[in-house]
């Protein structure tokens, strides 16, 4: 449902241009959970900005449901790493989740969607709090609730758990897997955490160093539902993890286009 | 005794001491320019409680309010527009820098020529000077809006109206309020300046006429009133600001 074809992105700089993305080709199928990993600075965030329509690619195409992405598509929601700057501090949790729905649906439906989303992330009793009254993990849950209430076909996650502590991270990982099962949404996760990518995904796309290309796409064949302890105990988990790590180490040499 | 009560006691005590010192100094001086503090206060009571409130204080306040409110509305609207459009900002920057640098009193002659000697001239002076702090703060506050905030608004498809109402204005409001506070102190200042020439009513007019006819005690009574006015307006402003920006004060206090 999401097609990336020969995507390139060059930033104009005073010295000429910085090519962030050399060429990316991959796709995401309906209901899949795909992770994008790669060395730091390889253009993962740039890729996400192109897919979410916040930035226009220099070349190539990104298509969602067969339609070219030209500006943020309506069926797409995104959860940013920096929840402190993504949630609106002047609105309560409930109003934050409600705001994107103003245009999309009628009042009663919207209210119901908000309550459902808050309950799904475990924040049903925190609707009247303000984001800054909550811990980092809870704030990110509000951001997830907001994305869920929006009922997107595809959910983008931009290193969503990089700013929370390790224990909260595992809770949030499981939460995302859970709501994905419950709401049936397609997910594209950008992360630098390889364990996270292997744990959560159906497929992993590995990028090279900047200017990035796709080095490898690998399928993650681990049993579902995933479990933080049981799944990570499996030999297959260790193999996959090692495989991705090695690919990324090799990726420190840019791949010639 | 808690630290807070101690500090409060100190503030009150020091103020009382200064008050007593002024009292002593002014009652024992022989110069005709130095009016005894008790005389100033009784004259203040005679004039402003409530003899000339209707004839002078009210007209001044009305003009000041018109001028200030106009300045805030224009400042916010134009400021936000400039903040959103870098091209507009580049185009208007030289003109704005020039206009805000003109000393208020130098505006009186052209304002009188164009608008005459009536209320519209006075309101204009107040508005013209008060607009710049609000405008520039609104422009800066809007231009400095965090990228993630605006990205979020775009991804979730908020219309321009929704963005203004729910994202841009709230995010820029701390800066805007800072500009409004500066403008408020200008407004009190200009209340007097605008009444400097050929005015028939107003606190500033009362002040300048008292000075010109050597009614020194009246002059001091007007100055005390102006001081109290500035102080009370500031207190009211702080109350309003604390209420409107509650989210900002509490969130910046709790952030690490």
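Can you tell which of B:14, B:34, B:192 shows the greatest fluctuation in a Gaussian network model of chain B with Cα springs below 10 Å?
Looking only at B:14, B:34, B:192, the largest GNM fluctuation is found for B:14.
Tell me, B:147, A:49, A:95 in order of fewest to most beta-carbon neighbours within 10 Å? Mind showing how you got there, number by number?
On the way: B:147 11, A:49 20, A:95 15.
Sorted ascending by nearby Cβ count, the order is B:147, A:95, A:49.
Starting from the Kirkwood Rh over alpha-carbon pairs, what translational D in µm² s⁻¹ does segment A:81-224 have by Stokes-Einstein at 25 °C and 0.890 mPa s?
On the way: Rh = 16.1 Å.
Here the translational diffusion coefficient equals 152 µm²/s.
For every helix of n ≥ 4 consecutive DSSP H residues, a contribution of -39,500 (n - 2.57) applies; sum these over chain B, divide by its total residues, and give [θ] at 222 nm rounded to the nearest 500 deg cm²/dmol. Intermediate values should be presented prior to the final figure.
Details: 12 runs with 202 residues, N = 256.
So the calculated ellipticity at 222 nm is -26500 deg cm²/dmol.
Let me know the Kirkwood hydrodynamic radius for chain B, please, with Cα pairs as the basis and the value in Å to one decimal.
Values: mean 1/r = 0.0471 Å⁻¹.
The answer is 21.2 Å.
Ignore the peptide's own chain and count Cβ atoms of other chains within 10 Å of each Cβ in B:159-168; give me the average, rounded. Before the final figure, lay out the partial values.
Details: counts 2, 0, 0, 4, 0, 0, 0, 7, 4, 0.
Rounded to a whole number, the mean comes out at 2.
Please report, to one decimal in angstroms, the Kirkwood hydrodynamic radius of chain A built from all distinct Cα-Cα pairs. Could you put the intermediate results ahead of the total?
Values: mean 1/r = 0.0529 Å⁻¹.
Evaluated on chain A, it is 18.9 Å.
Could you state the principal axis extents of the C-alpha atoms in segment B:12-107, from the largest down, to the nearest angstrom?
64, 32, 30 Å, listed from the longest principal axis down.
Give the average over all directions of the projected area of the C-alpha convex hull of segment A:1-63, one decimal, in nm².
With every direction weighted equally, the projected area is 4.5 nm².
Return the whole-Å distance between the Cα centroid of segment A:8-55 and the Cα centroid of segment B:4-24.
Here the two parts' Cα centres lie 66 Å apart.
Between B:141, B:83, B:161, where does the largest GNM mean-square fluctuation fall for chain B, given springs only between Cα atoms within less than 10 Å?
B:161
Which whole number gives the average count of other chain Cβ atoms within 10 Å of the Cβ atoms across peptide A:77-85?
Values: counts 4, 5, 2, 6, 1, 6, 1, 5, 9.
Averaged over the peptide's residues, the number is 4.
Restricting to DSSP H runs of at least four residues, report the calculated mean residue ellipticity at 222 nm for chain A, -39500 (n - 2.57) per run over all residues, nearest 500 deg cm²/dmol.
-10500 deg cm²/dmol
Per residue of B:171-177, what is the mean number of Cβ atoms on other protein chains within 10 angstrom of that residue's Cβ?
Details: counts 4, 0, 1, 0, 0, 0, 0.
Whole-number average of other-chain Cβ neighbours for B:171-177 is 1.
Can you pull the semi-axes for segment A:152-247, root of five times each eigenvalue of the Cα gyration tensor, sorted largest first, whole Å? Could you put the intermediate results ahead of the total?
Details: eigenvalues 80, 60, 39 Å².
Taking √(5λ) for each eigenvalue gives 20, 17, 14 Å, largest first.
Just A:196, A:30, A:233 to compare: in a GNM of chain A, with alpha carbon springs under 10 Å, which one fluctuates most?
Evaluated over chain A, the most mobile residue of the options is A:233.
Once both axes come from the Cα atoms, what is the angle between helix B:86-101 and the longest principal axis of chain B, in degrees from 0 to 90, rounded to 10?
The helix B:86-101 is inclined about 10 degrees to chain B.
I need the shape label for segment B:82-218. Rule: rounded when a/c is under 1.5, else prolate if a/b > b/c, else oblate, with a, b, c from the alpha carbon gyration tensor.
Prolate, because a/c is 1.5 or more and a/b exceeds b/c.
Once both axes come from the Cα atoms, what is the angle between helix B:3-28 and the longest principal axis of chain B, in degrees from 0 to 90, rounded to 10?
40 degrees
What span do the alpha-carbon atoms of segment A:20-123 cover on each of the three principal axes, reported in whole Å from largest to smallest?
45, 30, 24
Kirkwood hydrodynamic radius for the protein assembly as shown: how many Å is it when counted over pairs of different Cα atoms?
Values: mean 1/r = 0.0361 Å⁻¹.
Mean inverse Cα-Cα distance, inverted, gives 27.7 Å.
In a solvent-free Debye calculation with one equal scatterer on each Cα, what is log10 I(q)/I(0) for segment B:185-256 at q = 0.11, 0.23 Å⁻¹, listed in the order of the q values?
-0.43, -0.98
Can you tell me the orientation of helix B:119-143 relative to chain B, as the angle in degrees between its alpha-carbon axis and the longest Cα principal axis, to the nearest 10?
The angle comes out near 40 degrees.
FYI, it's all coordinate maths here, none of it is from the lab. Since the model is a prediction, treat every value here as computed from it, not as a measurement. So basically every Cβ, Gly included, is an ideal-geometry build from the backbone, and we count neighbours across all protein chains shown.
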